[in-house]
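Heads up, the thing below is written out as structure tokens.
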Amino acid sequence: MSNLTSLYSLEGKTALVTGGYRGLGLSISRGLAGAGAKIILNGRSADGVEAAVEGLRKEGYDAHGAPFDITDEKAVGQSIENLTTNIGPIDILVNNAGIQKRHKLEEMPVEDFRTVLEVNLTAAFIVAKAVVPGMMEREGGKVINICSLMSDLARPTTGNYAAAKGGLRMLTRAMAGEWASSNIQVNGIGPGYFATEMTQKLKDDPDFNSWICGRTPAGRWGMPEELQGLAVFLASGASSFVNGQVIFVDGGLTAVI
Ligand code: GCO
């Protein structure tokens, strides 16, 4: 294996991907597995996690399931302890899980604001807080926070999501600042518009689809596999001196007005 190829290898590494059983999380999980990582897929749906694990195993990957509620600090702590004992220490954490509850702000139930912040932002803190002590003991690790184009830009009806993803961008910087000295690199990925379960209704809307294709310099929606290369880079030794950055994978959308 050439030195450069080994730089991107995840052989011998274990990655936990929250919300990793579907959508962008599953695509990222497949990319990390393809680079050699042992993959642990998290999700609230035990059936969904099991199906995704079976699928990755059929593709020849070393995949495991971990259905737990990432917003429940006690459940997270217990799950991370069990995973470390039964599968091995977690070298790579991808905080991917996220939900949307779209409303006009003035009509948004406070509960929907709270829930989106809880899942998309606070949970990233809860899971990282449970995983990072082990990384510190082993003097190294990787945390990848799945931010969004909405870490920088908002659009009507997504104020809770934009607030959460904007916070996640700053939390990424805060984590990087506090954990870099332990050789833990924390960075973010900011997806633009990708066709997933969460956005299918938007993509099926001719007016919205036309707007996004016009607003995005690449003139199209992203394909979930187009996140895999950056995920592998940020999870590997190739990014050992990259800290606190959010890199947008958005066809140029955030680069232009
Ligand atoms: C929306 C979309 C967006 C994107 C997401 C990509 O309602 O406009 O759900 O929020 O999907 O931000 O990162």
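Within the stretch 138-155, the set of residues being of a type in the set (A, V, I, L, M, F, W, C), open to solvent by 60 Å² or more (accessible area, probe 1.4 Å) and more than 16 Å from the ligand (Cβ to nearest atom) is empty.
Matching residues to (1) more than 16 Å from the ligand (Cβ to nearest atom); (2) free of Cβ contacts under 8 Å to residues at least 12 places away in the same chain; (3) under 15 Å from the mean Cα position of the chain (by Cα); (4) part of a helix (DSSP H, G or I):
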| residue | (1), (2), (3), (4) |
| --- | --- |
| ILE70 | yes, no, yes, no |
| GLY88 | yes, no, no, no |
| ILE99 | no, no, yes, no |
| HIS103 | no, no, no, no |
| GLU106 | yes, yes, no, yes |
| ASN120 | no, no, yes, yes |
| ALA123 | yes, no, yes, yes |
| VAL132 | yes, no, no, yes |
| MET136 | yes, no, no, yes |
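Condition check ((1) more than 14 Å from the ligand (Cβ to nearest atom); (2) aliphatic (A, V, I, L, M); (3) part of a strand (DSSP E or B); (4) within 15 Å of the chain's Cα centre (by Cα)) across all residues:
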residue: THR172; (1), (2), (3), (4): yes, no, no, yes
residue: ALA180; (1), (2), (3), (4): yes, yes, no, no
residue: GLY188; (1), (2), (3), (4): no, no, yes, yes
residue: GLU197; (1), (2), (3), (4): no, no, no, no
residue: LYS203; (1), (2), (3), (4): no, no, no, no
residue: ASN209; (1), (2), (3), (4): no, no, no, no
residue: PRO217; (1), (2), (3), (4): yes, no, no, no
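In the condition set (1) modelled with pLDDT of 95 or more; (2) within 18 Å of SER151 (Cα to Cα), GLY237 is compliant with all but (2).
Take VAL76 and decide whether it is touching an Asp or Glu at 6+ places or on another chain (Cβ under 9 Å), of a type in the set (Val, Ile, Thr) and either open to solvent by 70 Å² or more (accessible area, probe 1.4 Å) or part of a helix (DSSP H, G or I) (or both). Judged against the criteria, VAL76 is a match.
Applying the criterion of being in contact with a helix residue (DSSP H, G or I) (Cβ under 7 Å, 6 or more places away or on another chain) and closer than 16 Å to LEU26 by Cα to the residues of the stretch 193-219, the residue that is most open to solvent (accessible area, probe 1.4 Å) is GLU197.
Of all residues in the stretch 156-167, none satisfies being closer than 21 Å to VAL116 by Cβ, open to solvent by 50 Å² or more (accessible area, probe 1.4 Å) and among the charged types (D, E, K, R).
Taking residues in the stretch 149-166 that are farther than 19 Å from PHE248 by Cα, and partners anywhere that are assigned to a helix (DSSP H, G or I) and open to solvent by 20 Å² or more (accessible area, probe 1.4 Å), the pairs with Cβ atoms closer than 7 Å and at least 6 places apart or on different chains are GLY159/LEU105; ASN160/ASP112; ASN160/PHE113; ASN160/LEU117.
The values are calculated or read from the model by the stated rules, or taken from the named source; none is laboratory data. Everything quoted here is computed from the prediction, not taken from an experiment. Note that each Cβ is placed from the backbone with ideal geometry, even for glycine, and that neighbours are counted across all protein chains shown. Just the protein is used for accessible areas: all its heavy atoms, side chains included, with ligands, DNA and RNA removed. Shrake-Rupley method; radii C 1.70, N 1.55, O 1.52, S 1.80 Å.
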